[in-house]
Amino acid sequence: MTEKVETGWYFLLRRLHSLTGIVPIGGFLLFHFFENASARHGAEAFNQTVLKISEMPYIYVMEVAVLLLPILFHAVFGLFITASSRPNVANYGYARNWAYFFQRVSGIIAFAYIAVHVLTTRAWALFIKGSAITFADMQSMLNRPAVLSLYVLGIIAVTYHFSNGLWSFSITWGLVRTAEGQRRLAAATMGLFAILCAVGLDILSAFVLNQSMFARLASIFLGA
Amino acid sequence: MSDNAGHSSNGHHAGSVGASSGSRKIRVKVRRQDGPDTLPYWQEFELPYAPGHNVLSVLMEIRKNPVDITGTPVEPVVWESNCLEEVCGACSMVINGRARQGCTALIDKLEQPIVLEPMNKFPVLRDLAVDRTRMFDNLKRVKAWVAIDGSYALGPGPKQDPAEALERYKMSTCMSCGVCLQVCPQVSVDNSFVGAAIINQVRLFNSHPTGAYQSGERLDALMGEGGIADCGNAQNCVQACPKKIPLSESIAEVGFDVTKRALRKFLGA
């Protein structure tokens with residue numbers, strides 16, 4: 001409540017936190033799903049995709065500047081924001097209050113998941129294995145029920161955090177202003193969550209079941 | 001919702017009355033605190049049922065004969081109230097876990113025992129009375145007024161669009177009751193977030209044709225510590241606001257304005 005404040009540093013950091021969640025992190029999530037969806041077409045297709053991306057120009061610079069630093073900033077500052085939160089869903093069980101609560105819970109889960117995910121895939125391949133990660137590497141890792149559970153939980157958390165974050169972002173920046181618009185956006189972003197979550201789990205199933213679960217379901221119900 | 005002037009004998013009022021003596025009772029549990037620095041404790045009271053009571057009239061009844069449920073004489077419960085018609089905001093308290101005004105909390109619609117607590121996002125002065133200075137300080141900080149002082153007559157103000165004035169009227173019904181701060185998961189007694197009421201006042205005065213002269217100063221104040229950036233979009237404020245002020249719209253509107261101002265300031269855009 002002090003009258004004299006350093007002009008807007010905290011404000012700028014909060015806005016930067018909000019922005020990095022969408023660009024580049026949210027953008028990368030979509031790209032990451034897109035590239036990993038190649039696993040639906042089998043080991044060969046996935047390995048080729050990984051190889052192609054690892055040979056992209058400026059890949060290390062991109063990985064540090066566009067992924068590592070923004071994600072670290074978003075996660076660490078996000079934990080700092082979460083620490084100041086006093087959740088009260090027990091007394092005020094409104095839908096948006098639950099969404100607010102899950103945004104923080106999913107953020108913490110996503111941070112832990114992404115840390116494990118990056119360290120055991122990209123970092124491991126780069127610093128220990130010495131060559132690009134393969135479909136077989138992923139399969140042997142996901143064979144362990146604990147790892148698979150973490151991936152399922154991680155995918156749910158990440159896709160929720162991004163979808164609901166998109167809603168919050170739109171209000172914070174004043175892009176969606178009327179109550180009605182905010183309600184519609186809430187429905188749309190929950191729809192986005194359902195879709196992204198399904199896609200993420202479908203990609204996961206491609207490793208675990210050796211076949212996309214959607215493809216399998218389609219073959220069961222549509223007959224093949 | 002049906003009545004508040006029913007007969008005490010028909011036994012069809014809402015709320016479970018757990019009186020053993022056959023006649024209906026009103027049972028109240030109050031979280032008491034003797035002073036700002038003393039520990040809180042609970043006390044229960046029971047009084048004969050009468051139709052049409054609200055939380056404040058029950059507190060007044062208790063004050064007439066302040067004995068607790070065991071018959072021990074106690075200090076009367078302290079609370080704050082003025083208007084008794086939900087326009088002053090003074091009697092805000094937490095009733096059965098929810099922040100609202102005591103004057104419009106009808107006993108017939110409350111589950112018993114009725115649990116009364118002070119709003120814990122503000123320093124407790126005594127019992128249910130809290131210190132809302134935080135809100136008044138922040139209203140000053142954002143200059144929540146129209147500046148018309150001068151050394152000569154300024155003449156009549158500019159004409160206003162009646163439709164816009166009507167929208168502003170809704171925003172102006174804020175009584176600084178503190179409910180939006182109490183229900184906000186981003187506000188705590190020891191942090192500095194201004195809360196929805198203050199952000200709404202910035203929108204109110206920035207959209208006023210004369211008040212708009214200070215709009216930059218108001219937005220700057222909200223870009224400082226404890227400003228609008230602390231909003232987490234839980235939107236409990238708009239659900240709980242007793243005056244039904246469109247607080248989530250005000251936050252988004254002001255959010256847009258500070259975005260614009262920040263871009264202009266930092267990028268020269």
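The values are calculated or read from the model by the stated rules, or taken from the named source; none is laboratory data. Bear in mind the structure is a predicted one, so any value in this text is a computation, not a measurement. Neighbour counts are summed over all protein chains in view; Cβ atoms, including those assigned to glycine, are modelled from backbone coordinates with ideal geometry. The protein model used for the area step is the full one, side chains on, heavy atoms only, and it has no ligands, DNA or RNA in it. Shrake-Rupley method; radii C 1.70, N 1.55, O 1.52, S 1.80 Å.
Worth a mention:
- Verdict on residue A:184 being outside any helix (DSSP H, G or I), of a type in the set (D, E, K, R) and open to solvent by 10 Å² or more (accessible area, probe 1.4 Å): no
- Sub-6 Å Cβ pairs linking a first residue in segment A:121-146 that is under 18 Å from residue A:52 (Cβ atoms) to a second residue that is hydroxyl-bearing (Ser, Thr, Tyr), at least 6 apart or interchain, are A:132/A:54; A:133/A:121, ordered by first then second residue.
- The one condition from (1) small (Gly, Ala, Ser); (2) open to solvent by 30 Å² or more (accessible area, probe 1.4 Å); (3) under 15 Å from the mean Cα position of the chain (by Cα) that residue A:21 does not meet is (2).
- Where a residue in segment B:119-135 is among the polar types (S, T, N, Q) and its partner, wherever it lies, is in a loop (DSSP other than H, G, I, E, B) and open to solvent by 60 Å² or more (accessible area, probe 1.4 Å), with Cβ under 9 Å and at least six apart: B:120/B:189; B:133/B:123
- Helices (runs of 4 or more DSSP H) enclosed by segment A:58-124 - at least 1 residues per element that are within 14 Å of chain B (Cβ to nearest Cβ), surrounded by fewer than 16 Cβ atoms within 10 Å (Cβ to Cβ) and aliphatic (A, V, I, L, M): A:69-83, A:95-118
- Qualifying residue in segment B:134-142 (condition: part of a loop (DSSP other than H, G, I, E, B), more than 28 Å from residue B:40 (Cα to Cα) and among the hydrophobic types (A, V, I, L, M, F, W, C)): yes
- Residue B:178 within 14 Å of chain A (Cβ to nearest Cβ) and at positive phi: no
- Residue satisfying condition, being farther than 30 Å from residue A:171 by Cβ and small (Gly, Ala, Ser), within set B:151, B:207, B:172, B:188: B:151
- Extreme residue, surrounded by the most Cβ atoms within 10 Å (Cβ to Cβ), among residues of segment A:204-213 that are in a helix (DSSP H, G or I) and free of Cβ contacts under 8 Å to residues at least 24 places away in the same chain: A:205
- The lone criterion from (1) at pLDDT 95 or above; (2) assigned to a loop (DSSP other than H, G, I, E, B); (3) surrounded by fewer than 18 Cβ atoms within 10 Å (Cβ to Cβ) left unmet by residue A:224 is number (1).
- For segment B:253-269, residues that are at the interface with another protein chain (Cβ under 7 Å from one of its Cβ atoms) and either β-branched (Val, Ile, Thr) or more than 17 Å from residue B:224 (Cα to Cα) (or both) total 2.
- Subset tally (residues that are more than 14 Å from chain A (Cβ to nearest Cβ), among the charged types (D, E, K, R) and within 12 Å of the chain's Cα centre (by Cα)) for segment B:84-115: 1
- Some residue of segment B:115-131 being touching a Cys at 6+ places or on another chain (Cβ under 9 Å) and either among the hydroxyl-bearing types (Ser, Thr, Tyr) or open to solvent by less than 60 Å² (accessible area, probe 1.4 Å) (or both): yes
- Of the residues screened, residue A:71 is not one that is of a type in the set (Val, Ile, Thr) and free of Cβ contacts under 8 Å to residues at least 12 places away in the same chain.
- Restricting attention to segment B:229-243 and to residues that are free of Cβ contacts under 8 Å to residues at least 60 places away in the same chain and either assigned to a helix (DSSP H, G or I) or more than 10 Å from chain A (Cβ to nearest Cβ) (or both), the residue that is surrounded by the fewest Cβ atoms within 10 Å (Cβ to Cβ) turns out to be B:239.
- The listed residues are A:179, A:187, and the only one of them that is closer than 30 Å to residue B:254 by Cα, modelled with pLDDT of 95 or more and away from every other protein chain (no Cβ under 14 Å) turns out to be A:187.
- With respect to (1) at the interface with chain A (Cβ under 7 Å from one of its Cβ atoms); (2) buried (at least 24 other Cβ atoms within 10 Å of the Cβ), the lone exception for residue B:249 is condition (2).
- When segment A:150-176 is filtered for residues that are open to solvent by less than 20 Å² (accessible area, probe 1.4 Å), assigned to a helix (DSSP H, G or I) and within 13 Å of chain B (Cβ to nearest Cβ), the ones remaining, listed by number, are A:164, A:165, A:167, A:170, A:171.
- Listed conditions (1) over 21 Å from residue B:252 (Cα atoms); (2) within 13 Å of chain A (Cβ to nearest Cβ); (3) under 17 Å from the mean Cα position of the chain (by Cα) are all met by residue B:190, apart from (3).
- Failed item in (1) within 24 Å of residue B:177 (Cβ to Cβ); (2) loosely packed, with under 14 Cβ neighbours inside 10 Å; (3) among the hydrophobic types (A, V, I, L, M, F, W, C), with residue B:39 passing the rest: (1)
- Flag: residue A:8 matches the condition of being buried (at least 16 other Cβ atoms within 10 Å of the Cβ), of a type outside the set (Lys, Arg) and over 14 Å from the mean Cα position of the chain (by Cα).
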